[in-house]
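Report on the structure given below.
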Amino acid sequence: MRAGVAVALVAIVAFAAAGCGTKTLDQSDEVNLVNKQLSSQKLDAKSVDCPSDVEATEGDTFKCDVTLTNGNTGTYTIKITNVSGDNASLQIVDATSTGKSSSK
């Protein structure tokens, strides 16, 4: 994961059911978007942790924490670029390295 990497991966995802008419993003779609971005960079994730309660509000951003198989860690910032009907468009807008493993 390299800081400042130009990221533009976009996904259209469906909403998960939520109470009181609130529309939230499906967490598995968030994780899949991050995994696709990692794959395009020839990186493999040991874990991807995205929030499970992201409301589908156009313009909002949220972060997913990533641990790579090589032990490096990072954060992906995802923006909700469009909300239409039962779908939302997500775009990865930033990737930041947050640490390195101590093993060489």
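The values are calculated or read from the model by the stated rules, or taken from the named source; none is laboratory data. Computed from a predicted model, the values in this text were never measured in an experiment. Ideal geometry is used to build each Cβ from the backbone, glycine not excepted, and the neighbour counts take in all protein chains shown.
Listed here are the residues, each with its yes/no results for (1) at pLDDT 90 or above; (2) surrounded by 12 or more Cβ atoms within 10 Å (Cβ to Cβ); (3) of a type in the set (Asp, Glu).
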{"residue": "Val13", "(1), (2), (3)": "no, yes, no"}
{"residue": "Asn32", "(1), (2), (3)": "yes, yes, no"}
{"residue": "Leu38", "(1), (2), (3)": "yes, yes, no"}
{"residue": "Lys42", "(1), (2), (3)": "yes, no, no"}
{"residue": "Ala45", "(1), (2), (3)": "yes, yes, no"}
{"residue": "Cys64", "(1), (2), (3)": "yes, yes, no"}
{"residue": "Leu68", "(1), (2), (3)": "yes, yes, no"}
{"residue": "Thr81", "(1), (2), (3)": "yes, yes, no"}
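Could you please let me know if Ile92 is touching a helix residue (DSSP H, G or I) at 6+ places or on another chain (Cβ under 8 Å) and either in a strand (DSSP E or B) or of a type in the set (Asp, Glu) (or both)? So Ile92 passes the test.
Within segment 18-73, being within 21 Å of Gly85 (Cβ to Cβ), among the aliphatic types (A, V, I, L, M) and more than 13 Å from the chain's Cα centre (by Cα) holds for Ala18, Ala56. Within segment 58-85, the residues that satisfy the criterion of being within 12 Å of Lys46 (Cα to Cα), in a strand (DSSP E or B) and among the β-branched types (Val, Ile, Thr) are Val66, Thr67, Thr73. Taking Ala8 as the residue in question, decide whether it is at pLDDT below 65, out of contact with any Leu (no Cβ under 8 Å at 6 or more places or on another chain), farther than 15 Å from Thr75 by Cβ and not in a helix (DSSP H, G or I). Considered against the rule, which asks whether it is at pLDDT below 65, out of contact with any Leu (no Cβ under 8 Å at 6 or more places or on another chain), farther than 15 Å from Thr75 by Cβ and not in a helix (DSSP H, G or I), Ala8 comes out as yes.
Picking from residues in segment 47-62 that are surrounded by fewer than 14 Cβ atoms within 10 Å (Cβ to Cβ) and of a type in the set (Gly, Ala, Ser), the one that is modelled with the lowest pLDDT is Ser52.
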